[in-house]
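Throughout, read-outs are computed from the coordinates displayed, never taken from laboratory work. The model shown is predicted, which means the values in this text are computed figures rather than measured ones. Note: ideal-geometry Cβ built from the backbone for every residue, glycine included; neighbour counts use all protein chains shown.
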Amino acid sequence: MKRLLAAVAVVAALVGSGALAADPEHIKKLRETNRCWGCNLEAADLLEGRLVGAKLNKANLARATLANSDLYRADLSNASLISSNLTEADLTGSDFKQADLTEANLTRADLTEASFLGIVLHRADLSGATLRNTSLIGADLSNANLSGANLSGANLAGANLLGASLVKVYMIGAILCNTTMPDGSVIYSGC
């Protein structure tokens, strides 16, 4: 029992000390190459190289490769992620307000509870992405690929879906359970 309590205390100390935060080598790699496959960037501030509160706001990450990376609760507001590869990245709870993800690849990314208020996702690939309880209010999703996406509980009020693969979404069984559509109607498909 004493060993179990000691192990729990060590894990708690590591978590409390930030030892599970972003890997400085991963930050360095991203800064130098604009690529960081499978990186842990949780709580990374890429603007100033500090490891503080996941602040990536206003960052220029256009054409960056961040596939399979951990960007849990990242602040990506006003960031440029044009043509970036975020395939299978963990972006749970991240803030993308006013960010530009034109032509970004977010295939199978986890965007649960992310905030996309006023975001540009024009021609973005969100196929197979998890967008549960995500706020996409006023988002530009024109010509975006949403096939196979899980939009349960998502809010698309006022979003631009012109040319988006929404018809394909219905045909291949995307989950639209309790999803608010651009016109304010709520769909319960796939519940």
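Starting from the Cα-Cα distance between ARG35 and SER189, subtract it from 0.36 nm times their residue separation and give me the gain in nm to one decimal.
51.7 nm is the gain from fully extending ARG35 to SER189.
Quick check on segment 93-191: take the gyration tensor over C-alpha atoms, sort the square-rooted eigenvalues as a ≥ b ≥ c, and tell me if it's rounded (a/c under 1.5), prolate or oblate.
rounded
By counting other Cβ atoms within 10 Å of each Cβ, how are LYS58, LYS97 ranked from fewest to most?
With the sparsest Cβ surroundings first, the list reads LYS58, LYS97.
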